[in-house]
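Visitor: The structure is given below, and queries will be raised subsequently.
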Amino acid sequence: MPAGLPREWYENHNRRLKAMRLAISLLDTGTYDAKRATNRKIRTMAVRVGIHRPSNLTCRMVRAFIIANAG
């Protein structure tokens, strides 16, 4: 990763990577509809794959990735 960027950039980058990993895991288990990807389901998946509990913002990003995949 590039050095010297603001801390905010790294936080956002890591949040996107986390959301993408969770979205892929949900898609692999058959959750293709963002409406079915509730915060609870996303957080349960995070525990199953060994990722720290995602925030509400990260959960919204996961649903956005699922929507983008559907289109």
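The values are calculated or read from the model by the stated rules, or taken from the named source; none is laboratory data. Worth saying up front: this structure is predicted, and the values here are computed from it rather than measured. So basically every Cβ, Gly included, is an ideal-geometry build from the backbone, and we count neighbours across all protein chains shown. Areas reflect the complete protein model, heavy atoms only, side chains present, ligands, DNA and RNA absent. Shrake-Rupley method; radii C 1.70, N 1.55, O 1.52, S 1.80 Å.
Visitor: Across segment 56-71, what is the total count of residues that are in contact (Cβ under 8 Å) with a residue 40 or more places away in the chain and polar (S, T, N, Q)?
Guide: 2
Yes or no, residue by residue, for (1) surrounded by 13 or more Cβ atoms within 10 Å (Cβ to Cβ); (2) assigned to a helix (DSSP H, G or I):
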{"position": "Pro2", "(1), (2)": "no, no"}
{"position": "Leu5", "(1), (2)": "no, no"}
{"position": "Asn14", "(1), (2)": "no, yes"}
{"position": "Ala23", "(1), (2)": "yes, yes"}
{"position": "Thr31", "(1), (2)": "yes, no"}
{"position": "Ile51", "(1), (2)": "yes, no"}
{"position": "Thr58", "(1), (2)": "yes, yes"}
{"position": "Met61", "(1), (2)": "yes, yes"}
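Visitor: Of these, Lys41, Lys18, which one is in a helix (DSSP H, G or I), open to solvent by less than 70 Å² (accessible area, probe 1.4 Å), in contact (Cβ under 8 Å) with a residue 12 or more places away in the chain and among the basic types (Lys, Arg)?
Guide: Lys18
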